[in-house]
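Participant: Have a look at the structure that comes next, please.
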Amino acid sequence: MSAKNVTVLGATGSIGESALDVIARHPDRYQVFALTAHRNLDRLYELCVSHQPEYAVLASSEDALDFADRLRLSGLKTKVLAGIESLEAVASDCSVDVVVAAIVGAAGLKPTLAAVNAGKRVLLANKEALVMTGRLFMDAVRRHGAELLPIDSEHNAIYQCLPVAAQSLAEGTSLHQCGVKRVLLTASGGPFRGYSKDQLVNVTPVEACKHPNWSMGQKISVDSATLMNKGLELIEACWLFDVMPQFVEVHIHPESIIHSMVEYSDGSIIAQMGNPDMRTPIAYGLSWPDRIEAGVETLDLFKVAQLNFSPPDRERFPCLRLAEEAFATGGTAPAILNAANEVAVAAFLKESIGFTQIADVIEDCLGAVEVASARSLDEVLEADKMAREQALCRIKRVSNLTEI
C-alpha cells in the first residue's frame, strides 16, 4: 500500500511537531505533502530539510520570497507559497489524503473547512473552527464525506471510548441509541487551580504558560489556565457527538492521566488513559481504525497510584460559564466568545490587561455584539470581526492604551 500524503497546518506548533514526530516513525505509511507556518521560519526551514515536503506555505508573501531563496540555496525542491488561498490549496489538493488541522484560533477556520469540503481525513486539533461554525462545519463534513477525527486529547479519548456505530458521527446515530448515558470530560485545572480569586488578579503570563502536565503553545496554555479551553472543548464535544451540554460533565483531574470517560446505561464507565503526550491521539487519528507505535512512554498506572477529581469552580474561573452561556444562546455567540477570547489572551500575554480581565472582556463582548443566526460563513466571519473590534475597544478603555 502506498504512503498517504499528509498536510500539516501549523507545523511549527506543539501539535504540528508531535504529528511530524509520529509521521517520521512510519515512512512506509505516511509522507509529508505540505507544511505551513506563520512566524517560526527557522523551525520551518529545519522541518523542510527533515521532511522535504512538496510545498511550504507562509503567511507573508515577502517572507515567502526570502524563504524560497533559502531553500533553493540548500538544494531543496520544496515550492514556497503564501497567503490564505495557498493554505486552502494545500489542504484540499487532490494528492492529499490526511490534513492535520493544528493552526491555533480563527486563522485555521478557512483551511480546515477547505479540507473538509474536499472530503479529506481531517485530524482536528483546531477546536476554534468547530466552535465558530458549529452546524455549518458538521453539515459540511457529512455533505462532502470527510473523515473527521478529533485529536484534542479529551475528544480523542471520548472517540476511543465509543462503539463503532457512534464513531462514524453519522447523522441520525445518537449516543443515546448506542447506550451512552453521559460523557465525562476531564480537565487538568491548569496551573492556578488552587489559587484564590485575589491571587488570580496578580498572576503573570509566564506563570500562566507553565502548564503542570502538557507542553503547549502560549495561547492554549492561557486558555487552560482560565478554563476557557474546557469551555471551548465542551462546545466542540456537543457538535462532534451531537449532544446537549447537560449530557457532558466537566471534572477537574489534576494528573491528566484519564483523558475523558464515557458512561453507559448498564453502569459501565469506559476511560481512555495514558501519559499526557499528544502523540497518542495523533497516532490514533492517523491510523484509525488501526493503531501504530507513537513513541509514547507506556503509562505505569501503579506508579501513579492515585487519581483525583473535583468539580470546576465557575466563580473563580468564569470563562467556562461564559462558554456554556454562549452555546446556549446559539447562533454566532460562540464565534463572538472565541474572537473576544483570542484578543483578550493576546492582550494578557502582552501584559496590557490582567489575568482576571480576560473574562471581563469576553463578557462585555457577549453583551455588546449582536448575535446573528450563523446560517452562513459570512455571518460567522462578520461576528468574529465585530467581536474583535469590541474587545480591542474594551481593552483600550481598561488599560488606557491607544494601541494594543
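The values are calculated or read from the model by the stated rules, or taken from the named source; none is laboratory data. Since this is a predicted model, take the numbers as computed values, not measurements. So basically every Cβ, Gly included, is an ideal-geometry build from the backbone, and we count neighbours across all protein chains shown.
Participant: Considering only residues that are touching an Asp or Glu at 6+ places or on another chain (Cβ under 7 Å) and not basic (K, R), which ones fall in segment 18-74?
Facilitator: Filtering segment 18-74 down to residues touching an Asp or Glu at 6+ places or on another chain (Cβ under 7 Å) leaves 25, 33-34, 41.
Scanning segment 18-74 gives F33, A34, L41.
Participant: For the condition in a helix (DSSP H, G or I) and either surrounded by fewer than 18 Cβ atoms within 10 Å (Cβ to Cβ) or in the same structural domain as L377 (by TED's automatic domain parsing) (or both), what is the one hit in V141, V131, V206? Steps first, answer last, please.
Facilitator: Numbers: V141 fails: either surrounded by fewer than 18 Cβ atoms within 10 Å (Cβ to Cβ) or in the same structural domain as L377 (by TED's automatic domain parsing) (or both); V131 fails: either surrounded by fewer than 18 Cβ atoms within 10 Å (Cβ to Cβ) or in the same structural domain as L377 (by TED's automatic domain parsing) (or both).
The conditions single out V206.
Participant: What are the pairs, 6+ residues apart or on separate chains, where a residue within segment 375-387 that is assigned by TED's automatic domain parsing to the domain that holds A344 and surrounded by 16 or more Cβ atoms within 10 Å (Cβ to Cβ) has its Cβ under 7 Å from a residue that is of a type in the set (S, T, N, Q) and in a helix (DSSP H, G or I)?
Facilitator: L377/T133; V380/T133
Participant: Further question: Could you list all residues from segment 96-112 that are surrounded by 24 or more Cβ atoms within 10 Å (Cβ to Cβ) and more than 12 Å from the chain's Cα centre (by Cα)?
Facilitator: Selection gives V99, P111.
Participant: Sticking with this structure for a sec: Here is a list: I269, I292. Which entry is more than 26 Å from H26 (Cα to Cα) and either of a type outside the set (A, V, I, L, M) or outside the structural domain of A347 (by TED's automatic domain parsing) (or both)? Lay out the reasoning, then the answer.
Facilitator: Details: I292 fails: more than 26 Å from H26 (Cα to Cα).
So the residue among I269, I292 that is more than 26 Å from H26 (Cα to Cα) and either of a type outside the set (A, V, I, L, M) or outside the structural domain of A347 (by TED's automatic domain parsing) (or both) is I269.
Participant: Still on this structure, I have one more. Scan segment 176-191 residue by residue and report those that are part of a loop (DSSP other than H, G, I, E, B) and touching a residue at least 60 places away in the same chain (Cβ under 8 Å). Give the steps one after another, and end with the answer.
Facilitator: Filtering segment 176-191 for residues part of a loop (DSSP other than H, G, I, E, B) gives 176-179, 188-191.
Hits for segment 176-191 are G179, S188, G189.
Participant: Also, I was wondering about something else. When the residues of segment 234-245 are filtered to those that are of a type outside the set (D, E) and outside any helix (DSSP H, G or I), which remaining residue is surrounded by the fewest Cβ atoms within 10 Å (Cβ to Cβ)? Give the derivation first.
Facilitator: To start, the set of residues in segment 234-245 that are of a type outside the set (D, E) comprises 234-235, 237-241, 243-245.
Applying the additional criterion that residues be outside any helix (DSSP H, G or I) yields 243-244.
Working: V243: 17, M244: 9.
Per the criteria, the residue is M244.
Participant: Can I ask one more? Which of the residues that make up segment 17-76 are under 13 Å from T7 (Cα atoms) and surrounded by fewer than 17 Cβ atoms within 10 Å (Cβ to Cβ)?
Facilitator: Q52
Participant: Count, please, the residues in segment 1-13 that happen to be over 13 Å from A37 (Cβ atoms) and touching a residue at least 40 places away in the same chain (Cβ under 8 Å). Walk me through how you get there before you give the answer.
Facilitator: Initially, segment 1-13 is screened for residues over 13 Å from A37 (Cβ atoms), giving 1-6.
Keeping just the survivors that are touching a residue at least 40 places away in the same chain (Cβ under 8 Å) gives 4-6.
The total comes to 3.
Participant: Select from segment 87-117 the residues that are over 20 Å from A146 (Cα atoms) and either in a helix (DSSP H, G or I) or without any contact (Cβ under 8 Å) to a residue 24 or more places away in the chain (or both) and list them in ascending order. Walk me through how you get there before you give the answer.
Facilitator: The initial filter retains those residues of segment 87-117 that are over 20 Å from A146 (Cα atoms), namely 104-107.
Selection gives G105, A106, A107.
Participant: Now for a different question. Could you check segment 304-333 and list, in sequence order, the residues that are of a type in the set (V, I, T) and at pLDDT 95 or above?
Facilitator: Going residue by residue through segment 304-333, those that are of a type in the set (V, I, T) are 304, 329, 332.
Across segment 304-333, the qualifying residues are T329, T332.
Participant: For S174, all conditions in the list (1) closer than 26 Å to G331 by Cα; (2) in contact with a Leu (Cβ under 7 Å, 6 or more places away or on another chain) hold save one; what is the number of the exception?
Facilitator: (2)
Participant: Every residue in segment 1-16 that is surrounded by fewer than 24 Cβ atoms within 10 Å (Cβ to Cβ) and in a helix (DSSP H, G or I), please.
Facilitator: S14, the sole residue that qualifies.
Participant: Of all residues in segment 213-233, how many are surrounded by fewer than 24 Cβ atoms within 10 Å (Cβ to Cβ) and of a type outside the set (S, T, N, Q)?
Facilitator: 4
Participant: Taking only pairs six or more apart or across chains, which ones have beta-carbon atoms under 9 Å, a first residue in segment 130-153 that is within 15 Å of L377 (Cα to Cα), and a second residue that is surrounded by fewer than 24 Cβ atoms within 10 Å (Cβ to Cβ) and among the hydroxyl-bearing types (S, T, Y)?
Facilitator: L136/S376
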